[in-house]
Amino acid sequence: MHVAVFVERIALFDIHKVLRILAQENKRFVEPIVTTISRERTPFHVLISCILSLRTKDQTTREASNRLFVLADNPEEMVKIPVERLEKIIYPVGFYRTKARKIKEICEVLIKSYFGKVPDEIDELLKLNGVGRKTANLVVTLGYQKPGICVDTHVHRITNRWGYVKTRNPYETEFALREKLPAKYWLTINDLLVTFGQNICLPVSPKCSICPVRGYCKRVGVTRSR
């Protein structure tokens, strides 16, 4: 007696085709708030909204950023706000007390060491307390349109799930992508995969049945989907 085994055919991974498909499909979803801010405001606003967004849902970041930027549009205005008031303005973003202190400290350093201007180099941004590689890359790419690859949890998860890279953490993923990802996608990869990761390629039980690039995905580590 023969048992038929059906295996889904996976096409050769074509990063150009996959990202083109996502760029088209993502139009039906709301773009990440930091992306919106980068188009409408300055690198300073990108930096602060990035800090607010860490461990925080996008809608909460959106609302907190809007409240804050009405009151403070630059580092000089920001440092005038007492930390206790900053906490109330940005609440309920994750770790709002810590973020309020870091925002105040960063603005003081920007004024003292950078003439109130946000640096446009990753190494300089990393000198600011509370700024990691994700935030630094996002400021450089979105704020200044300079080469960089912002790797957050979505970019790390999805590129590994596809089988495009095989890495253990976002740090390794960034440098693997710097070696492999065509330069023309460096500025857009984060936007595309954050939107895709928030709506389709979820961390737990991704929506594989409606995924527009399922035919290219190796589904590495996926044990449950819908």
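What about Asn169, is it of a type outside the set (Asp, Glu), open to solvent by 10 Å² or more (accessible area, probe 1.4 Å) and touching a Ser or Thr at 6+ places or on another chain (Cβ under 8 Å)?
Working: of a type outside the set (Asp, Glu): yes; open to solvent by 10 Å² or more (accessible area, probe 1.4 Å): yes; touching a Ser or Thr at 6+ places or on another chain (Cβ under 8 Å): no.
In short, no.
Confirm whether Val220 is of a type in the set (A, V, I, L, M, F, W, C) and open to solvent by 20 Å² or more (accessible area, probe 1.4 Å). Spell out the reasoning first.
Numbers: of a type in the set (A, V, I, L, M, F, W, C): yes; open to solvent by 20 Å² or more (accessible area, probe 1.4 Å): yes.
For Val220, the condition - of a type in the set (A, V, I, L, M, F, W, C) and open to solvent by 20 Å² or more (accessible area, probe 1.4 Å) - is met.
The residues in segment 194-214 that are open to solvent by 30 Å² or more (accessible area, probe 1.4 Å) and more than 25 Å from Ile33 (Cβ to Cβ) can be counted, and the count is 2.
Pairs are defined by a Cβ separation below 8 Å, a sequence spacing of at least 6 or placement on different chains, a first member in segment 41-54 that is within 17 Å of Gly116 (Cα to Cα), and a second member that is aromatic (Phe, Trp, Tyr) and open to solvent by less than 20 Å² (accessible area, probe 1.4 Å); the pairs so defined are Arg41/Phe69; His45/Phe69; Ile48/Phe69. When segment 177-193 is filtered for residues that are more than 16 Å from Val139 (Cβ to Cβ) and not aromatic (Phe, Trp, Tyr), the ones remaining, listed by number, are Leu177, Arg178, Glu179, Lys180, Leu181, Pro182, Ala183, Lys184, Leu192, Leu193.
Cβ separations smaller than 9 Å between residues 6+ apart or across chains give the following pairs from segment 155-175 residues that are of a type in the set (Phe, Trp, Tyr) to residues that are open to solvent by 20 Å² or more (accessible area, probe 1.4 Å) and part of a loop (DSSP other than H, G, I, E, B): Trp162/Phe13; Trp162/Lys218; Trp162/Arg219; Trp162/Val220; Tyr164/Phe13; Tyr164/Lys218; Phe175/Thr167. If you go through segment 177-193 and keep only what is open to solvent by 10 Å² or more (accessible area, probe 1.4 Å), part of a helix (DSSP H, G or I) and either in contact (Cβ under 8 Å) with a residue 60 or more places away in the chain or not hydrophobic (A, V, I, L, M, F, W, C) (or both), you end up with Arg178, Glu179, Lys180, Lys184, Tyr185, Asn190, Asp191, Leu192. When each of Ser49, Ser53 is tested for being surrounded by 14 or more Cβ atoms within 10 Å (Cβ to Cβ), of a type outside the set (A, V, I, L, M, F, W, C) and either within 17 Å of Cys107 (Cα to Cα) or out of contact with any Pro (no Cβ under 9 Å at 6 or more places or on another chain) (or both), the lone residue that passes is Ser49.
Just give me the residues in segment 24-53 being assigned to a helix (DSSP H, G or I), of a type in the set (Phe, Trp, Tyr) and over 15 Å from Leu68 (Cβ atoms), in sequence order.
Initial filter on segment 24-53 (assigned to a helix (DSSP H, G or I)): 24-28, 33-40, 43-53.
Still in the list and also of a type in the set (Phe, Trp, Tyr): 44.
Of everything in segment 24-53, nothing turns out to be assigned to a helix (DSSP H, G or I), of a type in the set (Phe, Trp, Tyr) and over 15 Å from Leu68 (Cβ atoms).
Annotation: of all residues in segment 90-147 being among the basic types (Lys, Arg) and over 22 Å from Lys80 (Cα atoms), the one that is surrounded by the most Cβ atoms within 10 Å (Cβ to Cβ) is Lys134. Identification of helices (runs of 4 or more DSSP H) wholly contained in segment 119-170 with 1 or more residues that are touching an Asp or Glu at 6+ places or on another chain (Cβ under 9 Å) and of a type outside the set (A, V, I, L, M, F, W, C) yields 133-138, 153-162. Scanning segment 7-23 for residues that are in contact (Cβ under 8 Å) with a residue 60 or more places away in the chain and assigned to a helix (DSSP H, G or I) yields Ile15, His16, Lys17, Val18, Leu19, Ile21, Leu22, Ala23.
If you go through segment 61-72 and keep only what is open to solvent by 10 Å² or more (accessible area, probe 1.4 Å) and either at pLDDT below 95 or β-branched (Val, Ile, Thr) (or both), you end up with just Val70.
The values are calculated or read from the model by the stated rules, or taken from the named source; none is laboratory data. Owing to the predicted nature of the structure, the values given are computational and were not obtained by experimental measurement. Here the Cβ is made from the backbone with ideal geometry for all residues, glycine too, and neighbour counts use every protein chain on show. Note: accessible area is taken over every heavy atom of the protein model, side chains too, but ligands, DNA and RNA are not part of it. Shrake-Rupley method; radii C 1.70, N 1.55, O 1.52, S 1.80 Å.
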